[in-house]
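So the structure is just underneath, and the comments pick up after that.
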2 protein chains.
Amino acid sequence: MERADGESFRWDGRYTHDLNTAHTLDTRLGVFADFHPRVPEDFRHPEILFLGNIDPRLQLEVLDKVERPRIVACDTMNFWIEGSRHALLEVLERVDILLVNDAEIRQLAGDPNLVRAARWVRERGPGRVVVKKGEHGAALFDDDGVFFVPGFPLEEVFDPTGAGDAFAGGFLGYLEGNGDLEPRVLRNALVHGSVLGAFAVEDFSTGRLQSVTRAQVAQRVRDFRAMTHFELLEAHA
Amino acid sequence: MERADGESFRWDGRYTHDLNTAHTLDTRLGVFADFHPRVPEDFRHPEILFLGNIDPRLQLEVLDKVERPRIVACDTMNFWIEGSRHALLEVLERVDILLVNDAEIRQLAGDPNLVRAARWVRERGPGRVVVKKGEHGAALFDDDGVFFVPGFPLEEVFDPTGAGDAFAGGFLGYLEGNGDLEPRVLRNALVHGSVLGAFAVEDFSTGRLQSVTRAQVAQRVRDFRAMTHFELLEAHA
């Protein structure tokens, strides 16, 4: 691929036909290579801290610069799982919630089985693990066991880029102002993450997120409920 | 691979690492190549008829030999979708429920999107479409919209062979003796199919299915409910 200035570069990631898995061909850190976060005074007392997908050493720096938030969540990816494993494990010790996709947690735990992989992570710090599975939905592993939300059935997926961040925004946004990380609250948070992720992929970039209303979010939460709940009927002989 | 008699043969299918997708390398029909079903008199008045995965022309022969059952369901696979498409579409016109996996319905409808693919199938006969997605669960498309059941979270999957047939057995077995194909009944049927499929993969062949009890099935149905239901909490400001 050619840039306007004629210098060639490679995609950092691409999606295959099914849009569930981004394949990394090459990672160039660019400005992040020598980046050190400066945290303004106003940001040093967050209720919720989300450590986005970046070098775990920088995630640790941010953690050191803020007062212990009520909730710390983090994301990561293959590049750091391979290259900065030690720092990443240090981060995990200080995190309440890990949000990753299924390929990432398998790689992190070195185990293809999600149930075992989630337990492996939970034993290393984050008591709650959220696994995002693209069109196959998301799973929450916590003291209450496992909770699943399916992928929202969309007829058109324009652009999966940013779906994971929108998911994190919906998930953590729901937790803001709520009390403890109790399972029934976390379940609602997972549904809200799924709703926001599903809106994000309906248009390019942040297009759809800019226009979505609270009423549309609430409707889609009810849609998720309608798509997953069933009455226990009397078993017949 | 060598057989005991020294004649070489190839696997009809194999599973990759994730055990969700069987890859067909070669299909040899063997005794099915010249098979024509004979239906004994006692079997000509079934309440439920399941047309297993076989040449659609034979599925049509069976349909012609029985009195119209209350429910007709069928399965199929890539080999027939490619090679006997016309007969398969004739079968679909006479079927109430199609049970297939996600790759099969995408191939059948020529559409990677499950929602659109299910609608394509429903317009061609089967009012209810069940899509099996291996560890990602199953989906039911009917007049009520879509209903999802996640894959049961197992720590060990010994052998996915036969999971689809166990699923069909659980699904249709649940419908036996029940009334209409109403959505609340079909949802329970989908859960029962998922339960039986999940038991099937816990051991080789039919090992686990031979020992499973009704109480264990009922418990796993409740487990599915616990893993998917959530309370709608008041949205906060």
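What number, in percent, do you get for the relative contact order of chain A if the mean sequence gap of Cα pairs under 8 Å and at least 6 apart is divided by its residue count?
Relative contact order of chain A: 11 percent.
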Checklist line | Gaussian network model of chain B, Cα within-10 Å springs - most flexible of B:24, B:76, B:161 | finding: B:24
Checklist line | Neighbour net charge for residue B:184 - beta-carbon separation under 14 angstrom, K R +1, D E -1 | finding: -4
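How many percent of all Cα-Cα pairs in the range A:145-229 sit more than 17 Å apart? List each step's numbers first, then the result.
Details: 1606 of 3570 pairs.
Across the range A:145-229, Cα pairs with separations above 17 Å total 45 percent.
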Next item on the list: Could you line up A:135, B:176 from fewest to most neighbouring Cβ atoms inside 10 Å?
Entry: B:176, A:135
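Helix hunt in chain B: which complete DSSP H runs extend at least 30 Å axially by C-alpha with mean Kyte-Doolittle at least -1.0? Please report the intermediate quantities before stating the final value.
Working: long enough: none.
None pass (Cα extent of 30 Å or more, hydropathy at least -1.0).
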Check: Given springs between every Cα pair under 10 Å in a Gaussian network model of chain A, which of A:138, A:87, A:198 has the largest fluctuation?
Finding: A:87
Next item on the list: Over all alpha-carbon pairs in the protein assembly as shown, figure out the percentage whose distance exceeds 38 Å.
Entry: 31 percent
Check: What translational diffusion coefficient, in µm²/s and rounded to a whole number, does the Stokes-Einstein relation yield for the range B:34-228 at 10 °C and a viscosity of 1.306 mPa s, taking the hydrodynamic radius as the Kirkwood radius over Cα pairs?
Finding: 93 µm²/s
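Express as a percent, rounded to the nearest 5, the fraction of DSSP beta bridges in the range B:34-228 (both residues included) that run antiparallel. Write out the running numbers ahead of the final one.
Numbers: 9 of 20 bridges.
Antiparallel: roughly 45 percent of the beta bridges in the range B:34-228.
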Check: Say a label goes 7 Å from Cα toward Cβ at residue B:83 in every copy; what distances in nm does this one have to the rest, shortest first?
Finding: 4.9
Note to self: How far, in nm to one decimal, is residue A:31 from itself in the other copies if the label point is set 7 angstrom along Cα toward Cβ? Shortest first, please.
What the structure shows: 7.0
Note to self: I want the local charge near residue A:218. Using Cβ-Cβ distances under 14 Å, sum +1 for each Lys or Arg and -1 for each Asp or Glu among the other residues.
What the structure shows: +2
Check: How far is residue A:204 from the same spot in each other copy, in nm, shortest first, if each label point sits 7 Å from Cα toward Cβ?
Finding: 5.4
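Mean residue ellipticity at 222 nm from the helices of chain A, using -39,500 (n - 2.57) per DSSP H segment of n ≥ 4 over the full residue count, to the nearest 500 deg cm²/dmol?
Details: 9 runs with 93 residues, N = 237.
For chain A, the value works out to -11500 deg cm²/dmol.
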Margin query: Inside 10 Å of the C-beta atoms of A:150-157, what's the mean count of C-beta atoms belonging to other chains?
Written below: 5
Check: Anyone know which of A:148, A:199, A:35 comes out most mobile in the 10 Å Cα GNM of chain A?
Finding: A:35
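Which order do A:171, B:43, A:50 fall in if you start with the one that has the fewest other Cβ atoms within 10 Å? List each step's numbers first, then the result.
Working: A:171 28, B:43 13, A:50 20.
Sorted ascending by nearby Cβ count, the order is B:43, A:50, A:171.
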Check: Rounded to a whole number of µm²/s, how large is the Stokes-Einstein D of the range A:181-237 at 20 °C and 1.002 mPa s, given Rh as the Kirkwood radius over C-alpha pairs?
Finding: 163 µm²/s
Notebook entry, point to check: Roughly what would the spin-label model give for residue A:68 and residue B:64, points 7 Å off Cα along C-beta, in nm?
Noted result: 7.7 nm
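Quick one: Kirkwood hydrodynamic radius for the range A:37-132, alpha-carbon pairs, angstrom, one decimal? Walk me through the numbers before you get to the answer.
On the way: mean 1/r = 0.0748 Å⁻¹.
Roughly 13.4 Å, rounded to one decimal.
Here, each number is a calculation from the coordinates, and none is a lab measurement. Worth saying up front: this structure is predicted, and the values here are computed from it rather than measured. Cβ sites come from the backbone with ideal geometry, for glycine too, and all protein chains shown count toward neighbours.
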